[in-house]
Every structure is written in structure tokens, then in C-alpha cells.
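The values are calculated or read from the model by the stated rules, or taken from the named source; none is laboratory data. Given the structure is predicted, the values throughout are model-derived calculations rather than measurements. Glycine also receives a Cβ, built like all others from the backbone with ideal geometry; neighbour counts cover every protein chain displayed. These area figures cover heavy atoms from the full protein model, side chains too; ligands, DNA and RNA do not enter into them. Shrake-Rupley method; radii C 1.70, N 1.55, O 1.52, S 1.80 Å.
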Amino acid sequence: MTLKDEIVGSCQLCQGEGKLRNAVGELILCNCLVKFRAYNRLLGSGFCDETLDFVSNDEYTFPKFESGEEFVNYWSTSVQDVLQKGLSLFMYSSEKGRGKTTLAHYLVYTLAKHFQQTENYSRDRSYGFETAQNLQRGFEDSELWKSTVYVLDDLGAEAAESSWKREAFLATLQQVLHYRRDNKLSTIITTNYPPKFIAEKYQHTLDSLLEIRPDGIIGKGKVFRAVEVGGGEDLRLMDCRTDWPI
């Protein structure tokens with residue numbers, strides 16, 4: 001079964017046609033076709049199909065925020081402004097499993113859907129998702145970091161067993177962040193460490209690029225805003241889609 005068959009072909013609302021008639025009889029896109037188009041742009045660029053299935057469900061809700069919820073809300077509802085200005089998010093939590101990666105999927109999925117609607121349609125947008133560890137390993141072969149919208153996941157968890165690897169990856173991060181800032185490209189960074197720790201870990205060489213102030217806080221800089229995700233439930237333990245019939 002193809003992806004289109006799975007998403008559009010199984011739609012009970014449009015009966016697999018991908019289009020519906022509105023109140024005045026005009027043909028409009030069914031949400032299933034918009035969803036398929038968004039998936040088609042995201043899959044193959046590092047995004048996880050199971051996570052997309054989770055965030056595309058109407059029952060998905062944001063994780064608990066310690067701070068920065070207003071920035072997430074703006075990012076998800078003002079996509080034209082976000083892309084025009086390269087607005088970016090630094091999402092962190094003090095513990096793992098708080099839903100940062102899932103939230104990043106939701107935000108990019110929402111943006112991708114917006115540009116698959118007929119009135120906003122554009123094929124000029126590109127999307128990329130990769131972990132910091134994968135960026136470290138495959139920087140020379142990867143161009144995901146040049147995408148219009150890019151998620152750098154789990155910053156700080158990359159391998160650092162030797163000084164030359166740390167220095168090489170630091171140079172990589174500088175190149176990536178400079179490129180994205182210079183070209184006004186929106187970036188979402190997820191990490192299990194607060195800005196102050198990231199500043200110290202990377203010897204303060206990324207502070208200006210991430211807009212980390214001397215007090216270790218990301219304030220109201222030009223493009224970056226900090227979002228702290230909290231909550232007591234480890235979302236990695238939630239039930240997900242399974243291929244088991246029982």
C-alpha cells in the first residue's frame with residue numbers, strides 16, 4: 001500500500017477522492033490530501049512517521065511548559081512571519097522524555113500543512129530533521145541543515161570522547177548556525193540542557209549565534225526564543241502505534 005493509499009484512500013470523509021464540496025458547491029481539498037502532501041515532504045528528510053502519526057491526531061496536546069508557551073503558540077499560528085524572519089526556538093528540559101522532539105515534529109508538520117493548502121501552496125519550502133549525533137557523524141554528506149526549516153535534535157548528546165572531535169563538531173555547529181542565521185532560516189533546537197549549560201559546554205563560542213546572554217539566559221533576541229518543557233510524565237512510555245494485532 002502506498003502512502004497516498006494509506007492516508008487518502010482510507011479517508012471516510014471524502015471516500016478516497018481527496019476533495020470535498022464546500023457549502024457553496026466549490027471543490028476544496030480534503031484534510032487527508034493536505035496531510036498526505038505534508039507527510040510526503042517530511043518523510044525522507046529525517047522525520048519519523050510514527051511521531052507524525054501521533055502529532056497529526058486531533059488528540060495530540062502540547063506538553064507542560066515551564067516557560068515559553070507563548071512562543072510555541074506564535075510559531076505554530078504565524079508561519080508566514082516565522083519563515084520570513086527566520087524565527088527560531090531553543091527547546092529544553094531538565095529531564096528526558098518530556099515531549100520536545102514530538103513537539104518539534106508537530107510544529108514543522110503544522111507549517112508543512114499550511115503550505116500544502118491551495119491558497120498557500122508552495123514547493124519552495126524544504127524540511128530537515130537530524131540528531132546532533134548524526135550531524136556530527138555525517139556533516140560532509142548531509143545538507144539537511146540547509147533546509148528552509150531545520151530541527152537539530154538532542155544537542156549536547158553527541159559523542160565527545162576526544163578533544164579533536166569536540167573541536168571539529170564545534171566548528172560544524174558554528175557553520176550550520178551561521179548559515180541559517182545569515183539566510184534567515186528557521187531552526188528548532190531540542191536539548192536536555194539549559195542555555196547556560198550549552199554555553200559552557202561549547203566554550204561560549206555559540207552564545208552569540210544562539211543569543212545566550214552573559215547570565216546564561218536566552219532573552220528577547222533577534223530570532224531565538226527559549227522554551228522550557230516540564231511535567232512529571234515520561235512521554236517515552238506512552239503507547240504508540242504497533243504492528244501487533246493484539
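How many residues does segment 128-151 contain that are open to solvent by 30 Å² or more (accessible area, probe 1.4 Å) and under 16 Å from Cys48 (Cα atoms)?
Total satisfying the criteria: 3.
The rows are residues; the columns are (1) surrounded by 23 or more Cβ atoms within 10 Å (Cβ to Cβ); (2) closer than 25 Å to Val34 by Cβ; (3) modelled with pLDDT of 95 or more.
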| position | (1), (2), (3) |
| --- | --- |
| Gln80 | no, yes, no |
| Met91 | yes, no, yes |
| Glu95 | no, no, no |
| Leu103 | yes, yes, yes |
| Val108 | yes, yes, yes |
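So the check is Cβ under 7 Å with 6+ separation or different chains; which pairs have a first residue in segment 157-185 that's without any contact (Cβ under 8 Å) to a residue 60 or more places away in the chain and a second one that's among the basic types (Lys, Arg) and in a helix (DSSP H, G or I)?
Matching pairs, first to second residue: Ala159/Lys165; Ala160/Arg166; Tyr179/Lys146.
Among the numbered criteria (1) over 23 Å from Asp49 (Cβ atoms); (2) not in a helix (DSSP H, G or I), which one does Ile188 miss?
(1)
What pairs come up if the first residue lies in segment 77-88 and is free of Cβ contacts under 8 Å to residues at least 60 places away in the same chain, the second is small (Gly, Ala, Ser) and assigned to a helix (DSSP H, G or I), and their beta carbons are under 8 Å apart, counting only those six or more places apart or on different chains?
Hits for this filter: zero, empty list.
Cβ-Cβ below 7 Å, separation at least six or inter-chain, first residue in segment 117-138 and under 30 Å from Val34 (Cα atoms) and in contact (Cβ under 8 Å) with a residue 60 or more places away in the chain, second open to solvent by 80 Å² or more (accessible area, probe 1.4 Å) and in a loop (DSSP other than H, G, I, E, B): which pairs?
none
How many residues are in a helix (DSSP H, G or I) and either touching a strand residue (DSSP E or B) at 6+ places or on another chain (Cβ under 9 Å) or open to solvent by less than 50 Å² (accessible area, probe 1.4 Å) (or both) when one looks only at segment 191-200? Walk me through how you get there before you give the answer.
Of segment 191-200, the ones in a helix (DSSP H, G or I) are 195-200.
Going one step further and asking which of them are either touching a strand residue (DSSP E or B) at 6+ places or on another chain (Cβ under 9 Å) or open to solvent by less than 50 Å² (accessible area, probe 1.4 Å) (or both), we end up with 195-199.
Of the residues in segment 191-200, 5 are in a helix (DSSP H, G or I) and either touching a strand residue (DSSP E or B) at 6+ places or on another chain (Cβ under 9 Å) or open to solvent by less than 50 Å² (accessible area, probe 1.4 Å) (or both).
Within segment 11-44, can you find the residues that are open to solvent by 30 Å² or more (accessible area, probe 1.4 Å) and closer than 23 Å to Asp124 by Cα?
Residues satisfying the conditions are Ile28, Leu29, Asn31, Lys35, Phe36, Arg37, Asn40, Arg41, Leu43, Gly44.
Determine the pairs where a residue that is outside any loop (DSSP other than H, G, I, E, B) and at pLDDT 95 or above, located within segment 207-234, has a partner that is surrounded by 12 or more Cβ atoms within 10 Å (Cβ to Cβ) and of a type in the set (Lys, Arg) with Cβ atoms under 6 Å apart, the partner being 6 or more residues away or on another chain.
Going by the 6 Å Cβ cut-off, the qualifying pairs are Val229/Arg98; Val229/Lys100.
With the checklist (1) in a loop (DSSP other than H, G, I, E, B); (2) open to solvent by 40 Å² or more (accessible area, probe 1.4 Å); (3) among the acidic types (Asp, Glu) in hand, flag the one item Asp154 doesn't pass.
Only one criterion is unmet by Asp154, namely (1).
Any chance segment 162-176 includes a residue that's within 22 Å of the chain's Cα centre (by Cα) and open to solvent by 60 Å² or more (accessible area, probe 1.4 Å)?
As a first pass, look at segment 162-176 and keep what is within 22 Å of the chain's Cα centre (by Cα): 169-170, 172-176.
If we keep only those that are open to solvent by 60 Å² or more (accessible area, probe 1.4 Å) as well, we get 174-175.
The answer is yes, given that some residue of segment 162-176 is within 22 Å of the chain's Cα centre (by Cα) and open to solvent by 60 Å² or more (accessible area, probe 1.4 Å).
Quick one: Gln203 ticks every box in (1) at pLDDT 95 or above; (2) surrounded by fewer than 18 Cβ atoms within 10 Å (Cβ to Cβ); (3) not hydrophobic (A, V, I, L, M, F, W, C) bar one, so which box is it?
(1)
Restricting segment 61-103 to residues that are over 13 Å from the mean Cα position of the chain (by Cα), of a type in the set (Ser, Thr, Tyr) and assigned to a helix (DSSP H, G or I), which is farthest from Arg225 (Cα to Cα)?
Among those residues, the one meeting the criterion is Thr77.
If you go through segment 61-78 one residue at a time, how many are open to solvent by 30 Å² or more (accessible area, probe 1.4 Å), of a type in the set (Phe, Trp, Tyr) and closer than 29 Å to Lys4 by Cα?
1
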